[in-house]
Amino acid sequence: MSDQGSAPGVYHASADFIANAHIDADGYARMYEASVADPDAFWAEQAQRIDWIKPFTKVKNSTFDYGNVSIKWFEDGTLNVSASCIDRHMLTRADQTAIIWEPDNPATPSLHITYRQLLENTSRMANVLKAQGVGKGDRVVLYLPMIPEAAYAMLACARIGAIHSVVFAGFSPDALANRINDSEAKVVITADFAPRGGKKTALKSNTDKALFDCSDRVKCLVVKHTGDQTTWIEGRDVDVKAEMAAAKPYCAYVEVGAEDPLFILYTSGSTGRPKGVVHTSGGYLVYAAMTHQYTFDYHDGDVFWCTADVGWVTGHSYIIYGPLANGATTIMFEGVPTFPDAGRFWEVCAKHKVTQFYTAPTAIRSLMGMGTDWVEKHDLSSLKLLGTVGEPINPEAWNWYNTHVGKGKCPIVDTFWQTETGGHLITPLPGAIGQKPGAATKPFFGIKPLVLDPANAEVQTETAAVGVLCITDSWPGMMRTLWGDHARFEEAYFSQYRGYYFTGDGCRRDEDGDYWITGRVDDVINVSGHRMGTAEVESALVAHEAVAEAAVVGYPHDIKGQGIYAYVTLMNGVDPTDALRKELEVWVRTEIGPIAKPDLIQWAPGLPKTRSGKIMRRILRKIAENDFAALGDTSTLADPSVVDDLIDNRMNRG
Ligand code: WTA
């Protein structure tokens, strides 16, 4: 983007881009106003972008009133999400590519799956699930590589009204078992191995380990993807590909209510175990489709690539549901940005003539460090728009992305949203809103953000403001509850700032009314764009026999955004050796997964606690940030001297 036009530091799309965009600045102002002035009328019209079996007569019915929180959209309508994503395209685009599958190894041919083939394969998968006794409302856990079967399985669940819960293939057997148990899944679908970056993760063997801790009734459906040998338990394990080949190629879709759950996705919170965020069918699909169209200025014929994994919400909304509802061609990439070399992303963009490219700032930062040759080597002339998600983007990375990938001609959409929100909340619509490196800018249609003062919960009425970010009212794509725990749902999101949805993020609103997300204000950290609850890492650490106590905080990390800093108090008599440090790292990797591995472990003979025994995390964060000059008031500590020891032995010296 060039820094043309009005204010310095504001980037605008070219006149050409704006002329072809779905929406320009005036259009945005008009439509945004309409969306908040009369949500019922606005969303009734927007909901026509998907197919309804029985049309709804009610649109919005929700309250954020703590103690009574209830969110419903289009509640008396019925639909089938897989029919809206596949069947309704049969008349117009049956032979168009729906999914381009790009394998880990570039020497393996990519696959172009048409909408017709998607219907057949989804149907076959649905018939396999039905044969296992899976029906409406049953839960199916997916623990899969980024392969077409993952898309078939998600859509097959939607087709028969089952609820999927995708577990990222980087999670450990323990994490998988917890999710199977919490959702009381009937079936887990996995693969033999997951190739990534030339290495293979043994998913089937992980699943075997997980299933030791689950009910005997859970069936294990295995996609033989690499074909390498695995264990096989007769009567429990099912060969998915063989069953699909033998199954009928068509499966009728089931009519479900708009408020019937489509999926559960577990995500980290500030306390306790991961939370099972529940998304329902009608509102979610409308919102995913609409944000996909407007945020990415998606047009027919575009090739859309979101590099996320389907194990995260980004993969749900912007690899599968949004793009397919819009009849798009969407890329599913099995690999990593640096295999076989640091040019892989750009090679794939050139190979498939990608028009919109959507990735995380952490990926941009790591590729930035490898030089521009990897980018220059490939023809990126097909790109029209770039996007980022998952964490704030620093201006250096934004500028590099703009200059070297976008060649100064692609708008960059910095999309702020969450697992809980289903789709984008705040982002610069590319033809309408000027971009500022590091700012998510303006709310999407129907989203009413507020900045509150965390000290007194007062709404900041000045345009320029700093505080915590809340949302005033519901929108169709937001979560409805936490699986099996509505009380925790209200507690986590609606108790702190009464009447509002609390995002957990801090933000700044500038003079132009643009929002800058400054990061989590709770005990959630963001490591390489992945959410991690510090409490989860702590409970993994204290589960080790050598550990008496642990406190985990985030600290700034050049590539990952935040790194994981663990303060560990050992059991009496245990030696704090380097070997033990390594052992604890491996321990956390196996308890949760590689993404949770602490970057720094400091031996802490004592932790700073108040006299009532509460750990003062503020102090631990400061020391981890190597910013201990202003620790604030430490006089309320039970033993202020522990702080000196922690400072003397700090691990991050800048
Ligand atoms: C952070 C990912 C700044 C934020 C879609 C949020 C961001 C958490 C941005 C949700 C962004 C996401 N700028 N921060 N553009 N996007 N975040 O649930 O802290 O994995 O609360 O959803 O990521 O992470 P989640």
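For residue 60, what residues show an amide H to amide H distance below 5 Å, using hydrogens built from the backbone and excluding near sequence neighbours?
Those qualifying (amide H under 5 Å, at least 5 residues apart or on another chain) are 74.
Would you mind checking the pairs 224/353; 353/582; 353/448; 209/614; 219/351 and listing those with alpha carbons more than 32 angstrom apart?
Correct reply: 353/582; 353/448; 209/614; 219/351.
Based on the Cα atoms of region 501-654, what semi-axes does the equivalent ellipsoid have, where each is the square root of 5 times one gyration tensor eigenvalue, given in whole Å with the largest first?
Equivalent ellipsoid of region 501-654: 27, 20, 14 Å, largest first.
Would you list which aspartates and glutamates come within 13 Å of residue 200, measuring only between C-alpha atoms, while excluding same-chain residues fewer than 8 positions from it?
List returned: 104, 192, 228, 334.
Suppose only helical runs count, i.e. DSSP H with n ≥ 4. What mean residue ellipticity at 222 nm does that imply for the chain under -39500 (n - 2.57) per run, divided by all residues and rounded to the nearest 500 deg cm²/dmol?
Computed mean residue ellipticity for the chain: -8000 deg cm²/dmol.
Under 5 Å between amide H atoms, partner at least 5 residues away or on a different chain: which partners does residue 638 have, H built in plane at 1.01 Å?
609, 610, 611
Using the heavy atoms of the protein chains alone and a 1.4 angstrom probe, what is the accessible area of region 286-402 per residue in square angstrom?
Dividing the accessible area of region 286-402 by its residue count gives 25 Å².
With +1 on each Lys and Arg Cβ and -1 on each Asp and Glu Cβ, and nothing else charged, work out how big the dipole of region 506-654 is about its Cα centre, in Debye to the nearest 20.
Around 140 debye, computed over region 506-654.
Please list 332, 31 from largest to smallest accessible area, probe radius 1.4 Å, with all protein chains kept in place.
These residues rank, largest area first, as 31, 332.
Counting only protein heavy atoms, what percent of the accessible surface of the chain is carbon or sulfur at a 1.4 Å probe?
On the way: 12220 of 24160 Å².
For the chain, the apolar C and S fraction of the accessible surface comes to 51 percent.
I'd like the Karplus ³J(HN,Hα) series for region 109-124: coefficients 6.51, -1.76, 1.60, θ = phi - 60°, whole numbers in Hz, and an x wherever there's a Gly or Pro.
Per-residue couplings from phi come out as x, 7, 10, 10, 9, 7, 4, 5, 5, 5, 4, 5, 5, 5, 4, 4 Hz.
Report, please, the projected area of region 224-342 averaged over directions, based on the convex hull of its C-alpha atoms, in nm².
12.4
Note down the net charge around residue 356, summing +1 for each Lys or Arg and -1 for each Asp or Glu among other residues with Cβ under 10 Å from its Cβ.
-1
Quick one: what do you get for region 438-552 if you divide its Cα Rg by 2.2 N^0.38 Å?
Compared with the compact-globule rule of thumb, region 438-552 sits at 1.25.
At what distance in angstrom do the alpha carbon centres of region 228-299 and region 370-405 lie from each other?
Using only Cα atoms, the two centres lie 31 Å from each other.
Quick one, can you get me the convex hull of the C-alpha atoms of region 65-130 expressed as volume per residue in Å³?
Per residue, the Cα convex hull of region 65-130 comes to 200 Å³.
Over the Cα atoms of region 1-70, how large are the radius of gyration and the largest Cα-Cα distance (Dmax), in Å?
Gyration radius and largest Cα-Cα distance of region 1-70: 18.3, 51 Å.
The values are calculated or read from the model by the stated rules, or taken from the named source; none is laboratory data. Since this is a predicted model, take the numbers as computed values, not measurements. Every residue, glycine among them, receives a Cβ derived from its backbone with ideal geometry; neighbour counts consider all protein chains shown. To get the accessible areas, we keep the full protein, side chains included, count just its heavy atoms, and leave off ligands, DNA and RNA. Shrake-Rupley method; radii C 1.70, N 1.55, O 1.52, S 1.80 Å.
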